[in-house]
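Everything on this sheet refers to the single structure shown next.
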Amino acid sequence: MQESENGSSLRSRRTALGLGAAAAAGGLGLGALAFRPAEEQVEFLTQKVSRASKPSKLKITDLRVAVLAGVPFTSPIVRIDTNQGISGWGEVRDDADKRYALELKGRLLGENPCNVEMLFKRLKQFGNHGRRGGGVSGVEMALWDLAGKAYGVPVFQMLGGAYRRKIRLYTDTTESEDPKVYAQRMKERVDMGFTFLKMDLGLEIVQDLPGAVVGKSLWDGNLQQYDGAPGGYGMTEHGLTMVQITDKGLDAMAEYVEAVRDAVGYDVPLGMDHFGHFDVNTAIRLANRFERYNLAWLEDLVPWFRTDDWKEITKAVNVPTMTGEDMYGLEAFRTLVDEGAVDLVQPDPATAGGILETKRIGDYAREQGMAMPLHYAGSPIGAMASAHIAAATENFVCLEYHASDVKFWNDLIAGGEPLLKDGFYHLTDAPGLGVELDEKVMAEHLAKGEKLFAPTKEWNNSPAWDRTWS
């Protein structure tokens, strides 16, 4: 015991002597050090500690965007550079305009990216619902990535820590006109390790069946909901189309659900989406017809902003209802939650406002006992941003994985370590979002006419007076 104490005492003296010598070598004595500001004391005493950066002196020097194609849609990737050689990654919503992020550059240059919330509040007015929320959201993700790298911790830790590190994913598959083929494709997803599924089932799959759909002739026989022609069916709000599904049509659609249930069983939750554009009455009839299949949710039956319509549907059916992927900011979700309009909320972090705003949405829903799946369909960057939200939010259920058929998706990650294993993302202690992209691979998958992080000097200045009050 005495020897241990003596050894400890000797080590203490050596440490003190070593520190004194180091201080002398640096031109600063221990006595003088005691009277220096606290920040200088900490900086001196921790000068040999490995750190990614000095967070208090971190400044944004550049913002650039590279637009990828086929991941599975177009994905504008944001890269924010700093004066200390570290960069942060973010992602604008799939199929959104890269300029939604670029217009924010002049408002960020020279700022410390670690002040994430302050910068988000400054930028929030430049986002909106749908893809317009993508710029603010993508930049906010990149700020969190930078903050995590600067402090050497993962983003979920800065959000309050993890409820989980295994992030459950849900996935879908391409449709087929043959119910058995559709069911087999869904079964293959289960065989890949996925434990949660979603199937798209639009009324266009039965539109050519005589007597299945009312009102098809009003739209020249084209009920493709992603037809973006002005004034077309796909661009007309649900309650205005005068399209209805008959009992025959509902029975035909139900054949697909029944085939999938027969193939995957009932141990695997199954949600449904992309039904088409029709009114509240038809939505209720559809939900009642599918009740027997114990679906996890019916998604986006009507536009998210039709709160009264959602309340009517939710009260009339015994299948969980859900919306939210096109909603921006907590304020919009607060109305939906307070009104009890749906059973589940499903924000997309790349539209909702990024990482912290999406967590706030989840926390607010949790107060009302409401669960939160997450919508997402893009690159590994947005996927990891979403995964950190999922880790830190109590009422998270599952996160969308929309890249099962994108062969190069994981190749985008520098180092090549698979993100996905047995239907889950597995978060580590890596700082920030925990992933870096391989710019050589990115260059192979740029959208037509795009360059890899081309200079953006034309966006350096911000001449506007942004204050929204007087």
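The values are calculated or read from the model by the stated rules, or taken from the named source; none is laboratory data. Not measured: the values here are computed from a predicted model. Backbone-built Cβ (ideal geometry, glycine too); neighbour counts: all protein chains shown. Remember, those area values only see protein heavy atoms, side chains included, never the ligands or the DNA or RNA. Shrake-Rupley method; radii C 1.70, N 1.55, O 1.52, S 1.80 Å.
Helix 134-151 sits at what angle to the longest principal axis of the chain, using alpha carbons and giving 0 to 90 degrees rounded to 10?
30 degrees
In whole Hz, what ³J(HN,Hα) sequence does the range 234-244 give by Karplus (6.51, -1.76, 1.60; θ = phi - 60°), x for Gly and Pro?
x, 10, 10, 4, 3, x, 9, 7, 6, 8, 9
Where Lys and Arg each count +1 and Asp and Glu each count -1, what net charge lies around GLY423 among other residues with Cβ under 11 Å from its Cβ? Spell out each step's value before the answer.
Working: positive: LYS166, ARG168, ARG189, LYS421; negative: ASP191, ASP422.
Surrounding charge for GLY423 is +2.
Tally Lys and Arg at +1 and Asp and Glu at -1 over the other residues with C-beta under 12 Å from the C-beta of ASP466: what net charge comes out?
Values: positive: ARG107, LYS121, ARG122, LYS124, ARG467; negative: GLU103.
Spelling it out: positives minus negatives among the neighbours equals +4.
In the neighborhood of VAL397, defined by Cβ-to-Cβ distances under 14 Å, what is the net charge if each Lys or Arg adds +1 and each Asp or Glu adds -1? Please list the in-between numbers first.
On the way: positive: ARG164, LYS166, ARG168, LYS198, ARG366; negative: GLU299, ASP343, GLU394, GLU400.
In short, +1.
About the Cα centre of the range 239-372, how large is the charge dipole given +1 on each Lys and Arg Cβ and -1 on each Asp and Glu Cβ? Please answer in debye to the nearest 20. If you can, show how the numbers build up before the last one.
Values: 12 positive and 24 negative charges, 33 e Å.
In debye, rounded to 20, the range 239-372 gives about 160.
Under 12 Å Cα to Cα from LYS198, which aspartates and glutamates show up? Leave out anything in the same chain fewer than 8 places away.
ASP172, GLU175, ASP273, GLU299, GLU400
Got a sec to turn the phi values of the range 392-409 into Karplus ³J(HN,Hα) couplings, 6.51 cos²θ - 1.76 cosθ + 1.60 with θ = phi - 60°, whole Hz, x for Gly and Pro?
Residue by residue, the range 392-409 yields 9, 10, 4, 8, 5, 10, 7, 10, 5, 10, 10, 10, 4, 9, 9, 5, 8, 3 Hz.
When N counts the residues of the chain, how does its alpha-carbon radius of gyration compare numerically with 2.2 N^0.38 Å, as a ratio?
Details: Rg = 26.2 Å, N = 470, 2.2 N^0.38 = 22.8 Å.
Normalised by 2.2 N^0.38 Å, the Cα Rg of the chain equals 1.15.
For GLN244 and SER462, FRET efficiency with R0 = 60 Å and r from the beta-carbon atoms, rounded to 0.05? Can you show the working numbers first?
Working: r = 50 Å, r/R0 = 0.83.
Computed FRET efficiency for SER462 and GLN244: 0.75.
Which lysines have a Cα less than 17 Å from the Cα of LYS248, not counting those fewer than 8 places away in the same chain?
Excluding near neighbours in sequence, the set is LYS216.
If each DSSP helix of 4+ residues adds -39,500 (n - 2.57) and the sum is divided by the residues in the chain, what number results at 222 nm, nearest 500 deg cm²/dmol?
Working: 16 runs with 166 residues, N = 470.
Counting only the DSSP helices, I get -10500 deg cm²/dmol.
With charges only on Cβ, +1 for K and R and -1 for D and E, what is the dipole size of the chain about its Cα centre, in debye, rounded to 20? Numbers along the way, then the final one.
Values: 51 positive and 66 negative charges, 452 e Å.
It comes to approximately 2160 debye.
With the cut-off at 1.5 for a/c, could you classify the range 217-334 from its C-alpha gyration tensor as rounded, prolate or oblate? Could you put the intermediate results ahead of the total?
Working: a/c = 1.72, a/b = 1.16, b/c = 1.48.
Taking the square roots of the gyration eigenvalues as a ≥ b ≥ c, the range 217-334 is oblate.
Can you give the relative contact order of the range 176-250 as a percent, counting alpha carbon pairs under 8 Å and 6+ residues apart? Walk me through the numbers on the way to the answer.
Values: 59 pairs, mean separation 20.8, N = 75.
Over the range 176-250, the number comes to 28 percent.
When only C-alpha pairs under 8 Å and at least 6 residues apart count, what is the relative contact order of the chain, in percent? Each step should come with its number before you reach the end.
On the way: 949 pairs, mean separation 90.7, N = 470.
Relative contact order here is 19 percent.
Using a Cα-Cα cut-off of under 18 Å, which lysines could be cross-linked to LYS407, ignoring same-chain neighbours fewer than 8 residues away?
Of all the lysines, those that pass the test against LYS407 - Cα under 18 Å, at least 8 places apart if same chain - are LYS421, LYS440.
Looking at the chain, which longest stretch skips every one of the GluC sites (Glu not before Pro) that is in a DSSP loop with at most 14 other Cβ atoms within 10 Å, leaving the sites themselves out? Show your work: numbers first, answer last.
On the way: sites that count: GLU177, GLU237, GLU339, GLU394, GLU444.
Maximal segment without exposed cleavage sites: 1-176.
In terms of modelled amide H atoms, which long-range or inter-chain residues lie less than 5 Å from the amide H of GLU175?
Under 5 Å from the amide H of GLU175: no residue qualifies.
Over the chain, with every protein chain in place, what whole percent of the accessible area is carbon and sulfur at 1.4 Å, could you tell me? Display every interim value, and only then the final one.
Working: 10550 of 21220 Å².
Reported share for carbon and sulfur atoms: 50 percent.
Work out the length of the dipole vector of the range 100-254 about its Cα centre, built from +1 on the beta-carbon of each Lys and Arg and -1 on the beta-carbon of each Asp and Glu, and round it to the nearest 20 debye.
1020 debye
When averaged across all projection directions, what area in nm² does the alpha-carbon convex hull of the range 302-372 cover?
Numbers: hull surface 16.1 nm².
Convex hull of Cα atoms, orientation-averaged projection: 4.0 nm².
For labels at ALA229 and GLU367 in the simple 7 Å Cα→Cβ model, what's the distance in nm?
4.7 nm
Once phi is turned into θ = phi - 60°, what whole-Hz ³J(HN,Hα) does the Karplus curve with 6.51, -1.76 and 1.60 give for every residue of the range 260-273, x standing for Gly and Pro?
With the stated coefficients, the range 260-273 comes to 5, 4, 5, 7, 9, x, 10, 6, 9, x, 9, x, 9, 8 Hz.
At a temperature of 25 °C and a viscosity of 0.890 mPa s, determine how fast the range 140-188 diffuses translationally according to Stokes-Einstein, using the Kirkwood radius over alpha-carbon pairs as Rh; express D in µm²/s, rounded to the nearest whole number. Could the numbers behind the result be given before it?
Working: Rh = 14.2 Å.
Calculated translational D: 173 µm²/s.
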